[in-house]
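Participant: Okay, here's the structure, questions in a sec.
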Amino acid sequence: MIEVKNLYKSFDGKAVLKGISAVFETGKTNMIIGRSGSGKTVFLKSILGLIKPDKGIISFDGRIWEQMSAEEKRQIRKEVGVVFQGNALFDSMTIEENIKFPMRMFTQLSPEEKKKRVNEVLEQVNLEGVNDKYPAEISGGMQKRVALARAIVLYPKYLFCDEPNSGLDPKTAIIIDNLIHDLTIRYNTTTVINTHDMNSIMEIGEKIILLKDGHKQWEGDKSEIFFTDNPDLNDFVFSSALFKKVKELVQKEGHFD
Amino acid sequence: MYLETIGKYALMLKEVFKKPQKPKIFWENYFKEVEDLGIKSIGLVGFISFFIGGVVTIQTARNLSNPLIDKLYIGYATIKSIILEFSPTFISIILAGIVGSYIASTIGTMRITEQIDALDVMGVNSLNYLVLPKLVAAVTFYPFLITISMFLGVFGGWVVGNMTGMVLSEDYLKGIRYSFDSFDVFYALIKTVFFAFFIATIPAYYGYYVKGGSLEVGRAATQAVIWTSVSIIIVNYILTQLLLS
Ligand SMILES: Nc1ncnc2c1ncn2[C@@H]1O[C@H](COP(=O)(O)OP(=O)(O)OP(=O)(O)O)[C@@H](O)[C@H]1O
Ligand SMILES: [Mg+2]
């Protein structure tokens with residue numbers, strides 16, 4: 001479980017996060033949703049310690065980030081897997097080397113075991129035959145999947161994904177969503193996903209937090225989305241005609257599952 | 001402002017000098033850096049050294065055309081200026097240009113594309129991982145590179161002196177033998193170690209702390225070359241005072 005209390009962050013006097021508190025539960029896919037520029041990435045990076053918040057407390061299963069030494073922080077980070085919005089693959093390494101990197105750095109696995117694990121995760125993200133290519137030689141959607149493969153290769157306890165399925169076709173996007181969801185349940189991971197993709201939200205959103213204007217405006221699970229009259233949520237979710245229609249139907253039926 | 005930069009640079013060095021988390025990966029990266037920062041520069045350094053050696057000889061010969069001055073002073077002056085200043089200082093400034101911009105822009109690009117964030121978030125000490133192999137590669141390889149430059153510079157002087165007939169082969173060789181002092185070489189290589197340190201770390205600093213996009217990476221590379229060169233010139237002055245007085 002990750003707990004965030006009262007997180008503040010401004011850039012040059014411009015407040016992006018204005019006191020956000022949230023709990024991300026273990027074994028669940030927690031989602032941060034919000035419009036472009038609402039501060040999802042800043043929020044995620046603040047939790048990861050990549051951006052230094054102005055104020056606020058973050059704890060990983062009771063271990064309080066602000067009270068840890070650099071070495072203790074590094075220890076926690078070995079339990080963390082991250083998919084960055086821009087993938088952040090090492091461009092001087094091949095796909096295989098990218099995925100092997102955390103194993104080489106932090107495990108004593110034999111070359112055969114590493115190779116086996118690389119192929120395992122590549123298969124999970126639905127990619128094959130790209131081992132020896134460089135990141136610049138594969139498509140954006142493929143890079144995204146490699147980034148996910150690298151993030152999960154060491155079975156992280158905490159998994160963070162910043163828009164894991166942007167740039168993917170609908171079919172692959174669903175495969176990736178479900179993969180993240182499966183891993184979360186199978187390894188009891190605390191998963192946090194940033195997204196503004198309604199399909200993902202409806203597919204795997206177990207706990208959803210809506211960010212707007214630097215505040216947490218709404219919190220709930222995917223079935224509650226249809227039965228709330230929170231104006232910010234409705235404005236975000238039901239801006240498309242399709243979802244407006246879906247909402248009417250779901251409300252008529254009285255439940256969504 | 002300057003003090004703040006120097007303080008931040010010192011804090012960076014403190015991280016850089018930690019023990020590598022995985023020695024095997026450190027040595028792999030070390031050999032990669034020796035290749036990128038050193039071996040790839042041998043061609044250009046050799047080319048420049050040879051011809052500058054030749055030009056120094058011609059200039060010295062022209063200035064010492066007085067028949068009362070022994071011709072062996074041409075070799076004498078050439079080897080002194082090559083070993084003491086040209087090879088260690090001038091070549092280091094050239095390396096600051098080639099290698100400094102390379103280091104600043106590769107590390108800077110890793111910063112703006114979140115590759116450094118990715119390292120940090122895995123629990124890798126990114127400064128140590130990225131900078132220490134470069135630093136050790138420069139400090140161990142550049143003395144060797146500068147030695148090559150000295151040889152080729154002196155050799156270039158001999159070839160050009162012969163070709164132009166401005167100095168006889170035996171006068172030149174006699175001059176070299178007459179003036180050769182191993183302390184000069186020692187002094188030059190000590191300087192080189194200092195310069196190598198700057199060439200690896202100052203550009204790394206500019207790259208690592210870059211903010212923004214590709215435009216800023218370009219600016220960081222330019223700043224890196226400027227400040228590395230300035231540091232080399234200043235430290236050269238200080239070391240010359242210390243070691244030769
Ligand atoms: N390093 C920074 N310096 C200054 N401002 C920043 C910085 N990073 C983010 N911001 C600002 O913070 C706000 C939130 O940005 P953020 O990237 O978190 O949005 P987001 O919700 O992730 O958007 P998207 O869905 O487009 O990725 C933006 O207005 C952005 O300009
Ligand atoms: Mg974002």
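Participant: Please give the number of the condition B:Gln59 fails out of (1) in contact with a Phe, Trp or Tyr (Cβ under 7 Å, 6 or more places away or on another chain); (2) in a helix (DSSP H, G or I); (3) not hydroxyl-bearing (Ser, Thr, Tyr).
Facilitator: (1)
Participant: Which one of these does A:Asp12 not meet: (1) surrounded by 20 or more Cβ atoms within 10 Å (Cβ to Cβ); (2) of a type outside the set (Phe, Trp, Tyr); (3) near ligand 1 (Cβ under 9 Å from one of its atoms)?
Facilitator: (1)
Participant: Among B:Lys32, B:Lys14, B:Lys19, B:Lys24, which is the only one that is in a loop (DSSP other than H, G, I, E, B), within 14 Å of chain A (Cβ to nearest Cβ) and of a type in the set (D, E, K, R)? Spell out how you get there, then give the answer.
Facilitator: Working: B:Lys32 fails: in a loop (DSSP other than H, G, I, E, B); B:Lys14 fails: in a loop (DSSP other than H, G, I, E, B); B:Lys24 fails: in a loop (DSSP other than H, G, I, E, B).
It is B:Lys19.
Participant: Taking only the range B:152-209 into account, find how many residues are among the hydrophobic types (A, V, I, L, M, F, W, C) and closer than 19 Å to B:Val230 by Cβ.
Facilitator: First, the residues of the range B:152-209 that are among the hydrophobic types (A, V, I, L, M, F, W, C): B:152, B:154-155, B:158-160, B:163, B:166-168, B:173, B:176, B:180, B:183, B:185-186, B:188-190, B:193-200, B:202, B:204.
Keeping just the survivors that are closer than 19 Å to B:Val230 by Cβ gives B:193-200, B:202, B:204.
Of the residues in the range B:152-209, 10 are among the hydrophobic types (A, V, I, L, M, F, W, C) and closer than 19 Å to B:Val230 by Cβ.
Participant: Sticking with this one: Report, by residue number, each residue of the range A:181-205 that is within 16 Å of ligand 1 (Cβ to nearest atom), modelled with pLDDT under 95 and either closer than 25 Å to A:Phe101 by Cβ or assigned to a helix (DSSP H, G or I) (or both).
Facilitator: Within the range A:181-205, A:Met198, A:Asn199, A:Ser200, A:Ile201 meet the criteria.
Participant: Would a scan of the range A:133-153 turn up a residue that is touching a Lys or Arg at 6+ places or on another chain (Cβ under 7 Å) and hydrophobic (A, V, I, L, M, F, W, C)? Give the derivation first.
Facilitator: Here is the first cut: in the range A:133-153, the residues touching a Lys or Arg at 6+ places or on another chain (Cβ under 7 Å) are A:153.
Add one more test, that the residue is hydrophobic (A, V, I, L, M, F, W, C), and what stays is A:153.
Within the range A:133-153, one or more residues are touching a Lys or Arg at 6+ places or on another chain (Cβ under 7 Å) and hydrophobic (A, V, I, L, M, F, W, C).
Participant: Mind checking which residues of the range A:164-180 are among the charged types (D, E, K, R) and either at pLDDT 95 or above or surrounded by fewer than 16 Cβ atoms within 10 Å (Cβ to Cβ) (or both)?
Facilitator: So the first thing to find is which residues in the range A:164-180 are among the charged types (D, E, K, R), and the list is A:169, A:171, A:177.
Scanning the range A:164-180 gives A:Asp169, A:Lys171.
Results for (1) closer than 30 Å to A:Arg77 by Cβ; (2) away from chain A (no Cβ under 14 Å), shown as yes or no for each residue.
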site: B:Lys71; (1), (2): no, yes
site: B:Leu130; (1), (2): yes, no
site: B:Lys134; (1), (2): yes, no
site: B:Ala137; (1), (2): yes, yes
site: B:Gly161; (1), (2): no, yes
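Participant: Which of the following residues is closer than 22 Å to B:Ala104 by Cα and either of a type in the set (A, V, I, L, M, F, W, C) or touching a Pro at 6+ places or on another chain (Cβ under 9 Å) (or both): B:Ile176, B:Ile234, B:Ile238, B:Ile190?
Facilitator: Being closer than 22 Å to B:Ala104 by Cα and either of a type in the set (A, V, I, L, M, F, W, C) or touching a Pro at 6+ places or on another chain (Cβ under 9 Å) (or both) holds for just one of B:Ile176, B:Ile234, B:Ile238, B:Ile190, which is B:Ile234.
Participant: Determine which member of the set A:Ile95, A:Ile99, A:Ile76 is away from ligand 2 (no atom under 16 Å from the Cβ), at pLDDT below 95 and among the β-branched types (Val, Ile, Thr).
Facilitator: On the way: A:Ile95 fails: at pLDDT below 95; A:Ile99 fails: at pLDDT below 95.
Step by step, each of A:Ile95, A:Ile99, A:Ile76 is checked, and only A:Ile76 is away from ligand 2 (no atom under 16 Å from the Cβ), at pLDDT below 95 and among the β-branched types (Val, Ile, Thr).
Participant: Return the residues of the range A:140-164 that are under 11 Å from A:Thr191 (Cβ atoms) and within 16 Å of ligand 1 (Cβ to nearest atom); say none if nothing qualifies. Walk me through how you get there before you give the answer.
Facilitator: Here is the first cut: in the range A:140-164, the ones under 11 Å from A:Thr191 (Cβ atoms) are A:151-152, A:156-161, A:164.
Those that are under 11 Å from A:Thr191 (Cβ atoms) and within 16 Å of ligand 1 (Cβ to nearest atom): A:Phe160, A:Cys161, A:Pro164.
Participant: Same structure, new question: Please state which of the following conditions A:Lys212 fails to meet, knowing it meets all the rest: (1) under 24 Å from A:Ala241 (Cα atoms); (2) surrounded by fewer than 22 Cβ atoms within 10 Å (Cβ to Cβ); (3) away from ligand 2 (no atom under 16 Å from the Cβ).
Facilitator: (3)
Participant: Can you say whether A:Thr41 is on the phi < 0 side of the Ramachandran plot and away from every other protein chain (no Cβ under 14 Å), as far as the supplied structure shows?
Facilitator: For A:Thr41, the condition - on the phi < 0 side of the Ramachandran plot and away from every other protein chain (no Cβ under 14 Å) - is not met.
Participant: In this structure, is A:Ser59 surrounded by fewer than 20 Cβ atoms within 10 Å (Cβ to Cβ), more than 8 Å from chain B (Cβ to nearest Cβ) and touching a helix residue (DSSP H, G or I) at 6+ places or on another chain (Cβ under 9 Å)?
Facilitator: Values: surrounded by fewer than 20 Cβ atoms within 10 Å (Cβ to Cβ): yes; more than 8 Å from chain B (Cβ to nearest Cβ): yes; touching a helix residue (DSSP H, G or I) at 6+ places or on another chain (Cβ under 9 Å): yes.
Taking the combined requirement at face value, the residue satisfies it.
Participant: Among (1) free of Cβ contacts under 8 Å to residues at least 60 places away in the same chain; (2) within 14 Å of another protein chain (Cβ to nearest Cβ); (3) aromatic (Phe, Trp, Tyr), which single condition is B:Tyr102 missing?
Facilitator: All conditions are met except number (1).
Participant: Given the residues B:Lys19, B:Lys32, B:Lys24, which is the only one that is surrounded by 14 or more Cβ atoms within 10 Å (Cβ to Cβ) and over 28 Å from B:Phe155 (Cβ atoms)?
Facilitator: Numbers: B:Lys19 fails: surrounded by 14 or more Cβ atoms within 10 Å (Cβ to Cβ); B:Lys24 fails: surrounded by 14 or more Cβ atoms within 10 Å (Cβ to Cβ).
Exactly one residue qualifies, and that residue is B:Lys32.
Participant: Also: Taking the range A:9-56, which residues are touching a residue at least 12 places away in the same chain (Cβ under 8 Å), away from ligand 2 (no atom under 16 Å from the Cβ), outside any strand (DSSP E or B) and farther than 23 Å from A:Lys78 by Cα?
Facilitator: Matches in the range A:9-56: A:Asp54 only.
Participant: Let me spell it out: the conditions are (1) touching a helix residue (DSSP H, G or I) at 6+ places or on another chain (Cβ under 8 Å); (2) within 14 Å of chain B (Cβ to nearest Cβ); (3) not basic (Lys, Arg), and A:Asp12 meets all of them except one. Which number is the exception?
Facilitator: Unmet for A:Asp12, out of (1) touching a helix residue (DSSP H, G or I) at 6+ places or on another chain (Cβ under 8 Å); (2) within 14 Å of chain B (Cβ to nearest Cβ); (3) not basic (Lys, Arg): (1).
Participant: Given (1) within 16 Å of ligand 1 (Cβ to nearest atom); (2) of a type in the set (D, E, K, R); (3) in contact with a strand residue (DSSP E or B) (Cβ under 6 Å, 6 or more places away or on another chain); (4) under 24 Å from A:Leu179 (Cβ atoms), identify the lone condition not met by A:Lys45.
Facilitator: Only one criterion is unmet by A:Lys45, namely (3).
Participant: Go through the range A:146-178 and give me each residue that's of a type in the set (Val, Ile, Thr) and either within 14 Å of the chain's Cα centre (by Cα) or within 16 Å of ligand 2 (Cβ to nearest atom) (or both).
Facilitator: Residues of the range A:146-178 that are of a type in the set (Val, Ile, Thr), as a first pass: A:146, A:152-153, A:172, A:174-176.
Selection gives A:Ile152, A:Ile176.
Participant: What is the residue count in the range A:84-104 for residues that are farther than 14 Å from B:Thr113 by Cβ and either crowded, with 18+ Cβ neighbours inside 10 Å or more than 10 Å from chain B (Cβ to nearest Cβ) (or both)? Show your work before the answer.
Facilitator: Quick first cut of the range A:84-104, residues farther than 14 Å from B:Thr113 by Cβ only: A:94-97, A:99-104.
The next check asks that each one be either crowded, with 18+ Cβ neighbours inside 10 Å or more than 10 Å from chain B (Cβ to nearest Cβ) (or both); those that pass are A:94-97, A:99-103.
Residues meeting the conditions: 9.
The values are calculated or read from the model by the stated rules, or taken from the named source; none is laboratory data. Fair warning: this is a prediction, and the values are worked out from it, not measured in the lab. Virtual Cβ from ideal backbone geometry, glycine too; neighbours counted across all protein chains shown.
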